[in-house]
Amino acid sequence: MRKLFFFVILFFAISANAQINPNNVKSVIITNETSLLIQTNEFQLEVIPMANEKKNAIDYFEFSYFPTNNKEKWHHSYTVTSEKRMDLLTANSLKFQKYTGGNSGTTECYFIGNYIIEIEKQPYNIVIREFKTQEATKELANQYFNSTSILRDNVGLNWINEDHKISKNFDLQEDFFIGLGEKTGPVNKKGNAYTMWNSDVPAYGLDQDPLYVSIPFFIAGNEKTVYGIYVDHTCKSHFNFGAACNYSSISVEDDHLRYYVILGKSISEVSSNYRKLTGFTPLPPKWSLGFHQSRWSYKSQDEVLTLASEFKKKNMPIDAIHLDIHYMDACKVFTFNQQQFPNPKSMVETLKKQGINIITILDPGIKVEKGYPAYESALKQNLFLKYPNGTNYEAGVWPGLCNFPDFTNPNAREWWSQSVKFYTDLGISGLWNDMNEPAAWGKEVPSYIRFNREGHLSNLTQNRNVYGMQMARATREGAEKLLNKRVFTLTRAGFAGIQRYAAVWTGDNVATDDHMMLSFKMLANMSLCGVDFVGADVGGFMNPATPELFTRWMSIAAFTPFYRAHKMIDMPSSEPWCFGDINTEINRYYMQLRYRLMPYIYSSMQQNETPVVQSIANFSNLSTANYVNAFSDKFESQFVLGKGLLIAPVRSNAKSTEVYLPQTSNSTTWYSIYNDEQYESNKSYFVNASMAQLPIFVKAGMVLPEIIPQKIENTESKSDTLNLHVYYNQSGFYEGYLYEDDGISLKNKDLPSGTIRISGNSTKQEIAFQIEKTSGFNFPYKTIQFFIHGLTESTLNNVDDMPKPRTFEVNKQLFIANSANVFETKIPHFALKQDLYKVERIHKTTQSYFKFTCAMPQESFTLKIK
Ligand code: GLC
């Protein structure tokens, strides 16, 4: 009885102890005048301002929470390299200043740049405020209570360190949350919650979460303010954007918390700063932007060669064929099945001569098999993931029981990088990394599996999300070093920063309209998070596609950076000619249109300081006018490729659709690419959306570069003539950009490259373009053709009753318009074959364009049209 009494007392004592005590701030100090160190009874927080370059403004606040007295705890990032972090730290020259006047003593305020950090002390809470227009100073202190707060803690920090779970709540003052990379669901993620945990999810549901890739970065805001948060943890993490609650929160399953608050005046500026923090997508080999044909699997050398010749026969362009798992001997990576592929090297060479590149799949699982060289050598070097007792982790995948290289171990990466020589020796420079979540039959990888983590042993929770990225890194770095040229790497799993190592495709989707429409949102979302080289399996991976779905998907995906048709095993053939004559014709047209616009696509991939694929929300920067439409489910699959080509995806059987053409800062008009019809921006329209006429619009003021090689076979098909399609802009702003190089050499200072930049202005009497050309680079064009769309005979002042324009000047040399360079009134330039187009068109206008041809000038020049 006495014993029981004792336990009851103990129980109450423990419960009383376990009571939650609020975290109170004990001290705030400015360390070295550059960061703020806030001590509470449980943890300490360091707030560090950072900048991209030396200037009078900051671009980031790094927030690092560590247990009290253990500030030196190890934080390791695969995304923000320590060199990068150091650069950002040292570039900042602004210092925190304490505000000493006027407040209660329970709050401390610190100024820096345009920002104020306000720290509530009892209990701990923190607010970042921003002065929109001017630098924050003591004199402005009176206003500061009215200034915009960017982020405001809601209930402080939940610091239950023993559980390795740290959560952070914020006041829910945002109207939108966008980002998180490869996620399903709506563009605006407000009201939803997500988890970061790379997963193998065949035929994933339309709202399923998580998928294969984890990017713990989002942008949030309202009409007053915008910011980004990148949570720099590869561990399992959770994001709640007000899902049935009145706060937002982030939480990590780790023993400390580090995130970057990314500043910027607009969504694009925040996304651009995120890119500066985590790295840009390197310019891919040009061939990899062509069309890729894949299926699980083309099973023999003959089948592959026949497939290639079919593309030639059908006059359809192609740059790459993918070999799925059947090329291997019993699915063992770094082998070829010698019966089915007796001479892979000659196959690769033969195809290369036709401009077709072979891409082989690589899975991380290494079959446990005595005598299999890859297995033996990794075993000998002790490179596999381990159980706690030191034996190798084993799981079943395609080859049977496998061990898995620990890609968080630099030695394993190096081993893999060298093993890739098996492929590069055969002339293969395209490597497809699959199953790298890592996937294993039964899905569950035990949580106690040990990872090397760059010499700091840790578990699955910490490392699963980064496994695929480190595999892609080893593949990429190995192949690039071996070949000393650009290589193409593709991955299914990834983490923030994956853009530096590989293109990403959205895994095992399904042949449905819903999946097709979802994919474009996902791609824009990935691009917003820095991953520009993205695509989805065209036609849908699982299940057969209807002819309408396949063709529709082919046409829309022609404008996504990674363009690959892929199909599941045991499904009917799904090459672009398998769906009937009319569909073949339409597929060919859109494939060719992609190749015609390749100069634009390649240049857009190079000009990637902001996302290459943008949702309307991002593109229009959410001015009030665009706000509602940008997030309306009617329009959220729409995307803009590059600086101003808007694609409005439509379901397979639609005949017409409603599109929303957003407001942008320097033009108020959009043009239909097919007939030059003009549409005022910030309005929605019902437009033709028949199979042969996917709604595509160009922003007024854009200059689209185009080539029309005589035969469009692959990205090597050349043309002597460069077409520049100028879309007349009333507001006089023009932007055009063309980047060229040899398409394959690694980008460095010695790589010869050239750019053509077009800007312009217009008055009532004339339109003048400046065409700035890099000197010293040999563009392959002899002739340049300007197509001025939207220029009617009444656009320019008709002072003398003569049809205009009738003169044009190149570098002041005057030409009089003659029959070769007047208005063209035949079938509009970008329309599909005349007969198909005529049948499908509903708009009657056949607006014409003014065409002017001249020899390609050697240097920069001006063109005036009067
Ligand atoms: C996975 C991939 C798929 C591939 C298949 C066989 O499901 O996602 O693209 O075809 O494995 O390798």
Residue match in segment 135-151 (condition: of a type in the set (D, E, K, R), at pLDDT 85 or above and not in a helix (DSSP H, G or I)): no
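When the residues of segment 452-468 are narrowed to those that are among the hydrophobic types (A, V, I, L, M, F, W, C) and surrounded by 20 or more Cβ atoms within 10 Å (Cβ to Cβ), which ends up farthest from the ligand (Cβ to nearest atom)?
LEU460
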Selected residue (only one of ILE117, ILE128 is in contact with a Cys (Cβ under 9 Å, 6 or more places away or on another chain) and modelled with pLDDT of 85 or more): ILE117
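Filter segment 406-452 for residues that are among the charged types (D, E, K, R) and over 26 Å from the mean Cα position of the chain (by Cα) and give the result. Spell out how you get there, then give the answer.
Step one: list which residues in segment 406-452 are among the charged types (D, E, K, R), which gives 406, 413-414, 421, 425, 434, 437, 443-444, 450.
Matches in segment 406-452: ASP406, GLU414, LYS421, ASP425, LYS443, GLU444, ARG450.
Which one is farthest from ILE647 (Cα to Cα) among residues in segment 675-684 that are touching a residue at least 24 places away in the same chain (Cβ under 8 Å) and within 28 Å of the chain's Cα centre (by Cα)?
Among residues in segment 675-684 that are touching a residue at least 24 places away in the same chain (Cβ under 8 Å) and within 28 Å of the chain's Cα centre (by Cα), the one farthest from ILE647 (Cα to Cα) is ASN682.
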Neighbours by Cβ (under 6 Å, 6+ apart or cross-chain): first from segment 329-352, free of Cβ contacts under 8 Å to residues at least 60 places away in the same chain; second part of a helix (DSSP H, G or I) and of a type in the set (A, V, I, L, M, F, W, C): LEU351/ALA308
Subset tally (residues that are of a type in the set (S, T, N, Q) and within 16 Å of the ligand (Cβ to nearest atom)) for segment 349-375: 1
Strands (runs of 3 or more DSSP E) (entirely within segment 248-337) containing at least 1 residues that are at pLDDT 95 or above and within 16 Å of the ligand (Cβ to nearest atom): 291-293, 320-323
Residues satisfying the stated conditions in segment 424-451, i.e. crowded, with 21+ Cβ neighbours inside 10 Å, away from the ligand (no atom under 16 Å from the Cβ) and farther than 27 Å from CYS235 by Cα: ILE428, SER429
Selection count, segment 297-308, where residues are in contact (Cβ under 8 Å) with a residue 24 or more places away in the chain and either touching a helix residue (DSSP H, G or I) at 6+ places or on another chain (Cβ under 7 Å) or closer than 25 Å to ASP581 by Cβ (or both): 8
Residues (more than 24 Å from SER429 (Cα to Cα) and without any contact (Cβ under 8 Å) to a residue 40 or more places away in the chain) located in segment 483-518: ALA511, THR512
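Of the residues that sit in segment 760-771 and are in a strand (DSSP E or B) and surrounded by 16 or more Cβ atoms within 10 Å (Cβ to Cβ), which one is modelled with the lowest pLDDT?
Per the stated criteria, the residue is SER762.
The values are calculated or read from the model by the stated rules, or taken from the named source; none is laboratory data. Note that the structure is predicted; figures quoted are calculated from it, not measured. Every residue, glycine among them, receives a Cβ derived from its backbone with ideal geometry; neighbour counts consider all protein chains shown.
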